[in-house]
């Protein structure tokens, strides 16, 4: 992964980047329908060959090198870092360094300070000397941007574990936070589930303030080693930032005065909370960061490495490692088998694979076995709602998510299963649970209902990305699409969801993409939902969206949108063409009745012209989102499933909703 020193990936602006990829594709050439059909057939063969014998699909989930660096730091902290792991991880980290010495958080993106600090420290652990050219470039880049003092809180927590940063200079987050009632501001259920699972163990770490002997100094990463953290001015007391800065100062005072019995009880409560949420495979929430911090917290509370909880946790972390052919080792932040499997099922069915095909039946069998039928943390806000839904990962019974549940239901309906009663029961439970998870404003979020408190994002501790889970257009659209296909268009909750989507349309005609990049993803999600709900192509909202998609199509016929669109308006809808984003635009336009339009034909020509011989597509760009801008994802299966869905619908037409029931 390399970027130019100005972070432009070699382009002079978003329009230059959008035009940087060209292919010889002719939308006016005769036989485009036949070409698309053959391309879909090749893609079907490729995708079928990638199915696991158990029935699931899973592509690599690539993020950034902080995952790899923190894995090494964890092992160093626990005293279990081995030479082979270090060598393999360092090989991956070195390969991702940019020419300017920095590390980016997405392909072609600008260098990012915290990622660069953590990658540098990891390579020091691997034995790379600070005077080596690649290390010297990295250190100079860090110093030029404020040094360690300017890095995010999480990076400085990792450094504090080894004495490279003072705990006193970090924001305080006490374990007594768990005592706050559920109605009180800043209780743990005000945080999104991913932040909640991370923050609870970190309250223990913050209270314990452990320090392991540093294996080397890091003076070269400070702008002034004699004053590594100059005092920062307080914000005015009249604003929220100033208020929370003063609250943090008060919490630091409390840390020194906390009653021993109260603190001890709080840490026991935290330990019990953590252990109760460990999944059957040993992980926490199916994602790597909470697992890492939970292991550290429990270790500090006296759990030895041979304890069953710790042993299972460490074993689960090994399953996040992807070994490459060159011997390198990449850590996935998460794994996406349920998401990948339902999307693959939809793609294959829409591409014309017969609905009782053994591969589809096997996929449905696996998805049915993954259904979650017990309450999780979501029940705090919806205590009377019966469970029923699906999570993103192999094991994550505490946190089913609404997006996956909607797409799994759509996938189940594409298949003729030999036990239709079992499918019907699972679909009914999933639809009922999804309806019950609607937020008060009419939209749907990913994991919780009404997780919209403005206060968690104000905490000085929470500078690592989005920490709440408000409704989003993409999730709401997937739910509305599912409910429409279930014949529930006239259900009051569905109607409110449609109203929410119409109100959320941007002035330019697009929709913001929370979990995918970005407006192309949001618009690609919403138009199929509105069409399934019965809105005609002539509806003003659909016309504006179609016009916007046409206005941002690249000269080569594809679509792309750079992650910088989350921060800079000039990048909205602009970026090099990618297979997944081109497919999203096509899926939207096809749903809007634009099959025979020039933009659709040019987009289909781009997809067929960029397909590889084996039926797949290449896509180095990151088109998935964990936190907008702050945490980006390259889902390696997106480049396969979404183009196949688009080609399938171009060739075979749109999937028909079920009749109103």
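A short reminder: the numbers here are calculations on the coordinates, not readings from a lab. Values in this document were obtained by computation on a predicted structure and should not be read as measured data. Every residue, glycine as well, gets a Cβ built from its backbone with ideal geometry; the counts of neighbours run over all protein chains shown.
Mean residue ellipticity at 222 nm from the helices of the chain, using -39,500 (n - 2.57) per DSSP H segment of n ≥ 4 over the full residue count, to the nearest 500 deg cm²/dmol? Don't skip to the end; give the middle numbers.
Values: 23 runs with 304 residues, N = 661.
It comes out at -14500 deg cm²/dmol, rounded to the nearest 500.
Given points 7 Å out from each Cα along the Cα-Cβ axis, report the residue 87 to residue 612 separation in nanometres with one decimal.
Going from the residue 87 label point to the residue 612 one covers 2.8 nm.
Restricting things to Cα coordinates, could you compute the convex hull volume per residue of the range 572-661 in Å³? All intermediate terms of the calculation are to be shown ahead of the outcome.
Numbers: hull volume 12.9 nm³, N = 90.
Enclosed volume per residue, from the Cα hull, is 143 Å³.
Once the Cβ-Cβ distance between residue 209 and residue 374 is put in as r, and R0 is 41 Å, what FRET efficiency do you end up with, to the nearest 0.05?
Values: r = 36 Å, r/R0 = 0.89.
Efficiency, rounded to the nearest 0.05: 0.65.
Between residue 422 and residue 136, with labels modelled 7 Å along Cα→Cβ, what's the label distance in nm to one decimal, could you check?
Once both label points are built, they end up 6.5 nm from each other.
Restricting attention to the alpha-carbon atoms of the range 463-597, what are Rg (one decimal) and Dmax (integer), both in Å?
Looking at the range 463-597, its Cα Rg and Dmax stand at 14.5, 47 Å.
Return one number: the angle in degrees, 0 to 90 and rounded to the nearest 10, between the long axis of the Cα atoms of helix 337-350 and the longest principal axis of the Cα atoms of the chain.
Once rounded, the angle reads 10 degrees.
Measure off 7 Å from each Cα along the Cα-to-Cβ vector at residue 179 and residue 569, then give the distance between these two points in nanometres to one decimal.
4.8
Ordered by packing density, taken as the mean number of other Cβ atoms within 10 Å over each peptide's residues, highest first, how do 611-624, 644-657, 210-223, 510-523 rank? Don't skip to the answer; put the middle values down first.
Values: 611-624: 19.1, 644-657: 21.5, 210-223: 15.1, 510-523: 27.4.
By packing density, highest mean first, the sequence is 510-523, 644-657, 611-624, 210-223.
Nearest 10 degrees is fine. How inclined is helix 519-532 to the longest principal axis of the chain, computing both from alpha carbons?
40
If you rank 183, 548 by fewest surrounding Cβ atoms within 10 Å, what's the result?
Numbers: 183 8, 548 23.
With the sparsest Cβ surroundings first, the list reads 183, 548.
Does the range 395-465 come out rounded, prolate or oblate, given a ≥ b ≥ c as the square roots of the eigenvalues of its C-alpha gyration tensor, rounded meaning a/c under 1.5 and, failing that, prolate meaning a/b above b/c? Could the numbers behind the result be given before it?
On the way: a/c = 3.58, a/b = 2.46, b/c = 1.45.
Cα axes put the range 395-465 in the prolate bin.
FRET efficiency for residue 555 and residue 324, Cβ-Cβ distance as r, R0 = 41 Å, nearest 0.05? Write down the numbers at each step before the final one.
Values: r = 35 Å, r/R0 = 0.84.
Given R0 = 41 Å and the Cβ-Cβ separation, E is 0.75.
How far is helix 492-504 tilted, in degrees, relative to the longest principal axis of the Cα atoms in the chain, given as a value from 0 to 90 rounded to the nearest 10?
Its long axis makes an angle of about 80 degrees.
Give me D for the range 378-431 in µm² s⁻¹, whole number, from Stokes-Einstein with Rh from the Kirkwood sum over alpha-carbon pairs, 20 °C and 1.002 mPa s.
Values: Rh = 12.0 Å.
This corresponds to a translational diffusion coefficient of 179 µm²/s.
Contact order normalised by length for the chain, with contacts defined as Cα pairs under 8 Å and 6 or more residues apart; what percent is it? Display every interim value, and only then the final one.
Working: 1247 pairs, mean separation 121.2, N = 661.
Once normalised by length, the contact order is 18 percent.
Write down, largest first, the equivalent ellipsoid semi-axes of the range 321-361 in whole Å, where each equals the square root of 5 times an eigenvalue of the alpha-carbon gyration tensor. Can you show the working numbers first?
Details: eigenvalues 187, 27, 13 Å².
Whole-Å semi-axes of the equivalent ellipsoid: 31, 12, 8.
Based on the inverse mean of 1/r over its pairs of different Cα atoms, what is the Kirkwood hydrodynamic radius of the chain, in Å? Each step should come with its number before you reach the end.
Working: mean 1/r = 0.0388 Å⁻¹.
Taking every pair of different Cα atoms in the chain, averaging 1/r and inverting gives 25.8 Å.
Work out the FRET efficiency for residue 263 and residue 315 from their Cβ-Cβ distance, taking R0 = 35 Å, and round it to the nearest 0.05. Intermediate results must be reported in sequence, preceding the final value.
On the way: r = 31 Å, r/R0 = 0.89.
Taking R0 as 35 Å, the efficiency between residue 263 and residue 315 is 0.65.
Starting from 0.36 nm per residue, how many nanometres of slack lie between residue 52 and residue 150 once their C-alpha separation is accounted for?
Details: separation 98, 0.36 × 98 = 35.28 nm, distance 4.45 nm.
Computed gain between residue 52 and residue 150 is 30.8 nm.
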